1. Write out, first by first residue and then by second, each pair whose Cβ atoms fall under 6 Å of each other, whose residues are 6+ apart or on separate chains, and whose first residue, in the range 30-46, is on the phi < 0 side of the Ramachandran plot and in the same structural domain as Ala60 (by TED's automatic domain parsing) while the second is acidic (Asp, Glu) and buried (at least 17 other Cβ atoms within 10 Å of the Cβ).
2. Kindly list the number of the only condition in (1) at pLDDT below 85; (2) part of a loop (DSSP other than H, G, I, E, B); (3) surrounded by 13 or more Cβ atoms within 10 Å (Cβ to Cβ) that fails for Asp29.
3. Of everything in the range 113-125, what is modelled with pLDDT under 95 and part of a loop (DSSP other than H, G, I, E, B)? Give them in sequence order.
4. Closer than 25 Å to Asn103 by Cα, crowded, with 20+ Cβ neighbours inside 10 Å and out of contact with any helix residue (DSSP H, G or I) (no Cβ under 8 Å at 6 or more places or on another chain), is that true of Leu198?
5. I'd like the full set of residues that are part of a helix (DSSP H, G or I) and acidic (Asp, Glu), limited to the range 194-234.
6. Restricting attention to the range 154-184, and to residues there that are among the hydroxyl-bearing types (Ser, Thr, Tyr) and under 21 Å from the mean Cα position of the chain (by Cα), which single residue is surrounded by the fewest Cβ atoms within 10 Å (Cβ to Cβ)?
7. Looking only at the range 67-112, count how many residues are modelled with pLDDT of 90 or more, in a loop (DSSP other than H, G, I, E, B) and either over 19 Å from the mean Cα position of the chain (by Cα) or loosely packed, with under 15 Cβ neighbours inside 10 Å (or both).
8. Limited to the range 1-26, what total is found for residues that are more than 14 Å from the chain's Cα centre (by Cα) and at pLDDT below 90?
Amino acid sequence: MERNPLVVVSSRIDTAAREANARGSVTSDHSNIATAVRRAESADIGCAIVDCHDDASEAAAREAGAYTVRTDLSEIPPTHNYKMPSGIARVAHTVTRFDRHCNHDLIIHMPEHFADIDPRYLRALMYPLASNEVAMATLVGPPSYDARVDAPKVRVEWIENRKVYVMPEARVGTIQQFSRRADRLGSEDVFCHIPVYLYRRSALDRIVREPPSDRELDENIEAIRVLDLGLRVEALYVPDGPKDLVDDPTAAYD
């Protein structure tokens with residue numbers, strides 16, 4: 001079956017940016033957007049758009065020659081009575097506005113601050129969704145002793161016979177659990193989570209219709225909702241991931 005992926009690069013929204021946006025002033029220069037767009041285009045897996053939230057991010061994206069979709073966060077309803085709009089909801093909202101007729105069946109979400117991502121990772125991330133049973137895939141890397149204690153982690157059951165021809169050193173496995181606490185995952189097959197996601201479009205539409213699960217709210221990891229819905233989530237292991245893709249605790253996208 002032929003696939004038609006869409007890469008969505010989301011502009012970064014931090015506390016300072018929120019305050020500046022509320023005052024109507026220009027926020028950060030979003031210098032990573034141009035690099036992120038170039039990396040997405042270099043992956044050569046589908047068209048790329050930038051989900052912008054303010055004038056600065058939109059200007060940076062247009063200067064890079066990218067197609068932009070302007071998001072008004074006030075249009076995205078809260079997913080819970082005390083949980084504001086989520087990153088997943090923002091991506092789904094943008095995709096629906098851009099692709100009303102559902103021409104794109106796979107959605108890759110790449111946050112702006114992962115601008116240095118190797119384009120091979122995006123190409124290889126397509127492999128886990130070769131099975132129609134998989135709803136979502138994400139990147140994982142080896143444990144990093146430099147990572148924050150509360151950085152998201154995953155437990156993975158590896159599929160030994162899966163080959164990733166565009167990236168032979170990569171591995172594919174099924175994610176058993178997400179958590180910020182290593183003691184909840186056990187001592188083996190625990191890896192760093194790199195929050196770059198690939199969604200099957202039908203699964204994304206279902207996920208955003210469901211409220212956050214209790215475990216999701218407890219851990220503050222939206223991907224847990226996908227598991228709690230009984231959907232299959234697979235991981236693509238990239239050996240040098242943490243060297244290039246450092247989780248930034250200040251980055252926010254909702």
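1. Between residues of the range 30-46 that are on the phi < 0 side of the Ramachandran plot and in the same structural domain as Ala60 (by TED's automatic domain parsing) and residues that are acidic (Asp, Glu) and buried (at least 17 other Cβ atoms within 10 Å of the Cβ), the close pairs are Asn32/Glu112; Ile33/Glu112; Ala36/Glu112.
2. The number of the failed condition is (3).
3. Within the range 113-125, Ala115, Asp116, Ile117, Asp118 qualify.
4. Spelling it out, it is not the case that Leu198 is closer than 25 Å to Asn103 by Cα, crowded, with 20+ Cβ neighbours inside 10 Å and out of contact with any helix residue (DSSP H, G or I) (no Cβ under 8 Å at 6 or more places or on another chain).
5. From the range 194-234, those part of a helix (DSSP H, G or I) are 201-209, 214-219, 223-228; that's our starting set.
If the condition is that a residue be part of a helix (DSSP H, G or I) and acidic (Asp, Glu), then Asp205, Asp214, Glu216, Asp218, Glu219, Asp228 are the ones that fit.
6. First pass over the range 154-184, keeping only residues among the hydroxyl-bearing types (Ser, Thr, Tyr): 165, 174, 179.
Restricting the remaining residues to those that are under 21 Å from the mean Cα position of the chain (by Cα) gives 174, 179.
On the way: Thr174: 16, Ser179: 20.
Within the range 154-184, the match that is surrounded by the fewest Cβ atoms within 10 Å (Cβ to Cβ) is Thr174.
7. Selection size over the range 67-112: 4.
8. 17
The values are calculated or read from the model by the stated rules, or taken from the named source; none is laboratory data. Owing to the predicted nature of the structure, the values given are computational and were not obtained by experimental measurement. Positions of Cβ are generated from backbone atoms using ideal geometry, with glycine treated the same way; all protein chains shown enter the neighbour counts.
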